[in-house]
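Reading through the structure tokens given below for one structure.
Please treat every number below as a calculation from the coordinates, not as lab data. Quantities reported herein were computed from a predicted structural model and do not represent experimental measurements. Virtual Cβ from ideal backbone geometry, glycine too; neighbours counted across all protein chains shown.
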Amino acid sequence: MVGRHIAPRTQEGYDRPWSTRQLAEPANTTVNTVRHYHRLGLLNEPERRYNGYKQYEVQQLVSLLRIRRLAELGVPLAQISTAGAGADRTPGVLRNLHAELQRHIERLKKARTDIASKPPRRRTLSRPANPCPWSRVHVRVVDTAR
């Protein structure tokens, strides 16, 4: 992204505190998502300025980027909070997700094989000899694959 800074820049570098919007932009998310992560306890609330605005630092950006990446990989938010307690837990969460996805893939492959191995059933419509007296049209489905 040309011309877009990750954070407010001062003469000394990226050392000014960031607003919620400024934190959300480089993480490609919204202010409401950041607030949602605060409510869930995934992202620690930063200190506030004298005017009540939150002031985020680099550590919160790193945490937000980590949360977003795990969510993109399919890790449920409840498991992200567990993984967020320590980086050493993240590999276990990812291994569990990998195993779950592998089981899902195997189920899909089996279903695909089952579908491919069975010929499609043809059904025909027929009218019964004595239609129901209270309906004008009575159609019965007859399975011809038997």
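Quick notes on this structure:
- Each residue of the stretch 65-71 was assigned a 3J(HN,Hα) from its phi angle through the Karplus expression (A = 6.51, B = -1.76, C = 1.60, θ = phi - 60°), giving 4, 5, 4, 4, 5, 4, 5 Hz with x at Gly and Pro.
- Net length gained if the chain between His38 and Asn51 were fully extended (0.36 nm per residue, minus Cα distance): 2.7 nm
- Stretch gain in nm, segment Ala78-Val62, where the contour uses 0.36 nm per residue and the Cα spacing is subtracted: 3.9 nm
- With θ taken as phi - 60° and the Karplus curve 6.51 cos²θ - 1.76 cosθ + 1.60 applied, the whole-hertz 3J(HN,Hα) list for the stretch 44-50 is 5, 6, x, 5, 10, 6, 4 Hz, x standing for glycine and proline.
- Think of the stretch 22-115 as having a plus end and a minus end, set by charges on the Cβ of Lys, Arg, Asp and Glu; of Val62, Ile105, Gln22, Ile105 sits farthest toward the positive end of this dipole.
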